[in-house]
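Down below is the structure, laid out as structure tokens.
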Amino acid sequence: MIEPGRVGAIVLAAGAGSRFGGGKLIAPLLDRPVLQHVLDAVATVGFREVVCVVPGGPAGEAIEGACRWRAERIVRNPRPERGLSSSVRLGIGALGQGSAA
């Protein structure tokens, strides 16, 4: 079994949500943004650290403003159009690189 206090997590939140019609992560679901449900669930696990990769620019600002952040470290992906792997690389690179945002 993995001990959560020894493991970090990466939340990938830089996608455009184009199949959803855009804005999926901040769309309301039961009175909270969709991403907030993810952050709340991740917080219950007790990971050593959590990195959340969001897009750069106005989309990232909207996500940051819509959610209640705890100790998650927010990392902006300036080129999310390069695909999921670009966010994964940024998230991995941010693990263990400092305190939360």
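Summary of values
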| read-out | value |
| --- | --- |
| Residue within the stretch 53-69 that is assigned to a strand (DSSP E or B), surrounded by fewer than 18 Cβ atoms within 10 Å (Cβ to Cβ) and more than 12 Å from the chain's Cα centre (by Cα) present | no |
| Filtered residues of the stretch 24-45 (kept if open to solvent by less than 40 Å² (accessible area, probe 1.4 Å) and touching a residue at least 24 places away in the same chain (Cβ under 8 Å)) | 25, 33, 35, 36, 39, 42 |
| Pair list, Cβ under 7 Å, 6 or more apart: the stretch 10-22 residue under 13 Å from residue 62 (Cα atoms) and free of Cβ contacts under 8 Å to residues at least 40 places away in the same chain, other residue of a type in the set (A, V, I, L, M) and surrounded by fewer than 17 Cβ atoms within 10 Å (Cβ to Cβ) | 22/16 |
| Qualifying positions in the stretch 15-35 - in a loop (DSSP other than H, G, I, E, B) and under 22 Å from residue 76 (Cβ atoms) | 15, 16, 17, 18, 20, 22, 23, 27 |
| Residue check, residue 76 open to solvent by 30 Å² or more (accessible area, probe 1.4 Å), more than 14 Å from residue 8 (Cα to Cα) and not in a strand (DSSP E or B) | no |
| Residue count, the stretch 81-101 (criterion: closer than 21 Å to residue 8 by Cβ and open to solvent by less than 70 Å² (accessible area, probe 1.4 Å)) | 12 |
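The values are calculated or read from the model by the stated rules, or taken from the named source; none is laboratory data. In this text, all values refer to a predicted model and were calculated from it rather than measured experimentally. Virtual Cβ from ideal backbone geometry, glycine too; neighbours counted across all protein chains shown. Surface accessibility is based on the protein's heavy atoms, side chains included, excluding ligands, DNA and RNA. Shrake-Rupley method; radii C 1.70, N 1.55, O 1.52, S 1.80 Å.
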